[in-house]
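Read-outs throughout are calculated quantities, based only on the coordinates presented, and are distinct from any laboratory measurement. On a predicted model such as this, the values are computed, not experimentally measured, just so you know. Ideal geometry is used to build each Cβ from the backbone, glycine not excepted, and the neighbour counts take in all protein chains shown.
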Amino acid sequence: MNIVLYYAPITCALAPYITLTEANAKFEVRPLNFRKGQQNSPEYLKLNPKHKVPLLLVDGKALSESTATQLWIARTFPQARLMPSDPWDELKAISLHSWCSGGIHPFLARINSPPRVCDVPGTEDSVKKLAAANLMENFKIADDMLAGREFFFDHFTAPDAHFYWCQRRARQFGLDFAPFKHCAAHFARMEQRPSVQKLLAFEKSVQEEFAKAA
Ligand SMILES: N[C@@H](CCC(=O)N[C@@H](CS)C(=O)NCC(=O)O)C(=O)O
């Protein structure tokens, strides 16, 4: 089987990189340089007209959207136990993926690029402030979920990787995680994992390559 992950540094595509690595999968990464707008190239738009990562290409077939890509990885590599085996918990894990991509990510995107949601002059700070308030509400919910646990379930699963990205991006935007001790502990725990360390080293190498090509 030929697995290709389209990825860009910093983005949510780091989550499937982590889970593919956790699954010990053989995969090729094709990094896109967003500064050069490579996600809008005609070749990439043929694969994903939504011009977004992550995208998986499996034996030439394209699959977009984080939740679907995570489920595909979990189903393809069952020995990695990337989703809980209990059917109810599996649904709860899908719920977590949906929350990360549909409930948290859109507020991160607003902070990243306020004019994409409101181009009225002078509103940028307000868009960011409201998005940050929404994120704080969501991270409080996650903090309660993680209280007294190492991961969302009884072992590492794919939603841990997805949520790690959400928290990392929020931290990059300067959100204060001091009130969310369980989220902060989860983040530190995730950064100890060999899969995450591999990802961070890979991200650094891609960023260096992109800087050279700038
Ligand atoms: N709903 C999608 C969102 C993916 C997404 O927004 N990806 C961002 C990076 S974090 C992206 O590729 N943005 C490029 C663009 O919008 O041009 C998912 O969960 O996979």
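What area, in nm² and to one decimal, does the C-alpha convex hull of the range 115-209 cast on average over all directions? Intermediate values should be presented prior to the final figure.
Values: hull surface 30.9 nm².
That works out to 7.7 nm², a quarter of the Cα hull's surface.
For the chain, taking Cα atoms only, what is the radius of gyration to one decimal and the Dmax to the nearest whole Å?
Considering the chain through its Cα atoms, Rg and Dmax are 17.1, 52 Å.
Would you compute the Debye intensity of the range 46-151 from its alpha-carbon atoms alone, equal scatterers and no solvent, and pass along log10 I(q)/I(0) at q = 0.11, 0.15, 0.16 Å⁻¹ to two decimals?
-0.50, -0.83, -0.91
Can you list the equivalent-ellipsoid semi-axes of the range 170-214, largest first and in whole Å, using the square root of 5 times each Cα gyration tensor eigenvalue?
27, 15, 4
Work through the residues other than residue 2 whose Cβ is under 13 Å from its Cβ and net out their charges, Lys, Arg +1 and Asp, Glu -1. Before the final figure, lay out the partial values.
Values: positive: 26, 30, 61; negative: 28, 59.
With Lys, Arg at +1 and Asp, Glu at -1, the net is +1.
Placing +1 at every Lys and Arg Cβ and -1 at every Asp and Glu Cβ, with all other atoms neutral, what dipole size does the chain have around its Cα centre, in debye to the nearest 20?
About 480 debye.
Going by a ≥ b ≥ c, the root eigenvalues of the Cα gyration tensor, does the range 110-157 fall in the rounded group (a/c under 1.5), the prolate group (a/b larger than b/c) or the oblate group?
Values: a/c = 6.44, a/b = 3.05, b/c = 2.11.
Here the range 110-157 falls in the prolate category.
What FRET efficiency comes out for the pair residue 154/residue 33, r = Cβ-Cβ distance, R0 = 25 Å, nearest 0.05?
The formula returns an efficiency of 0.05 here.
With only alpha-carbon atoms in the gyration tensor, what are the semi-axes of the equivalent ellipsoid for the range 37-93, in Å, largest first?
28, 12, 7
What dipole magnitude, in Debye to the nearest 20, does the range 91-161 give about its Cα centre under +1 on Lys/Arg Cβ and -1 on Asp/Glu Cβ? Could the numbers behind the result be given before it?
Details: 7 positive and 9 negative charges, 34 e Å.
My answer is approximately 160 debye.
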